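Single-structure report; data block below.
Please treat every number below as a calculation from the coordinates, not as lab data. Only a predicted model underlies this, so the values are computations on that prediction, with no experimental measurement involved. In this analysis, Cβ positions are derived from the backbone assuming ideal geometry, glycine residues included, and neighbour counts consider all displayed protein chains.
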Amino acid sequence: KAAGIEQKGLHSLRHHFATQLINGVKQPDGTILALSPRQVADLLGHSTSQITEMYYVKKDTTRLQGITDGFNF
């Protein structure tokens, strides 16, 4: 409470962890370093990546904006 961190359960932390791993971190060169749903499923102990994608991961589509700007159509 003193740090101003909202109190959540451990399961919320698990969801956040999985989402961050899937969405990744943008690198200085513009690439995104991320794990595949299968890799995250393995870390979470899921038998299939479909379980991970259905219940744990909310993809951040804002990173797709402008992704094709440099393409010549």
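Report ³J(HN,Hα) in whole Hz for each residue of segment 14-31, in order, from the Karplus equation J = 6.51 cos²θ - 1.76 cosθ + 1.60 where θ = phi - 60°; Gly and Pro get x.
Working through the residues one at a time gives 4, 4, 4, 4, 5, 4, 5, 5, 6, 6, x, 10, 6, 8, x, 7, x, 6 Hz.
Could you let me know the centre-to-centre spacing of segment 1-20 and segment 25-58, using Cα atoms, in angstrom?
Centre-to-centre (Cα) distance: 18 Å.
Enumerate the calculated ³J(HN,Hα) couplings along segment 41-58 in order (Karplus 6.51 cos²θ - 1.76 cosθ + 1.60, θ = phi - 60°), each rounded to whole Hz, writing x wherever the residue is Gly or Pro.
Rounded to whole hertz, the list is 4, 5, 5, 7, x, 7, 6, 9, 6, 4, 4, 4, 5, 5, 9, 10, 10, 10.
So what's the back-of-envelope 222 nm ellipticity for the chain, counting only DSSP H runs of four-plus at -39500 (n - 2.57) apiece and dividing by all residues, rounded to 500?
Working: 3 runs with 29 residues, N = 73.
For the chain, the value works out to -11500 deg cm²/dmol.
Within the chain, which is the longest segment that contains none of the trypsin sites (Lys or Arg not before Pro) sitting in a DSSP loop with at most 10 other Cβ atoms within 10 Å? Mind showing how you got there, number by number?
Working: sites that count: K1, K8.
Formally, the longest exposed-site-free interval is 9-73.
Among Q65, I22, T48, whose Cα sits farthest toward the positive end of the charge dipole of segment 3-73 (+1 at Cβ of Lys/Arg, -1 at Cβ of Asp/Glu, about the Cα centre)?
Of the candidates, T48 comes out farthest on the positive side.
What is the Cα coordinate range of the chain on the first, second and third principal axes, sorted by size from largest, in whole angstrom?
Taking max minus min along each principal axis of the Cα atoms, the chain gives 49, 37, 18 Å.
Going Cα to Cα from K26, which aspartates and glutamates come in below 17 Å? Please leave out same-chain ones fewer than 8 positions away.
Those aspartates and glutamates meeting the cut-off are D60.
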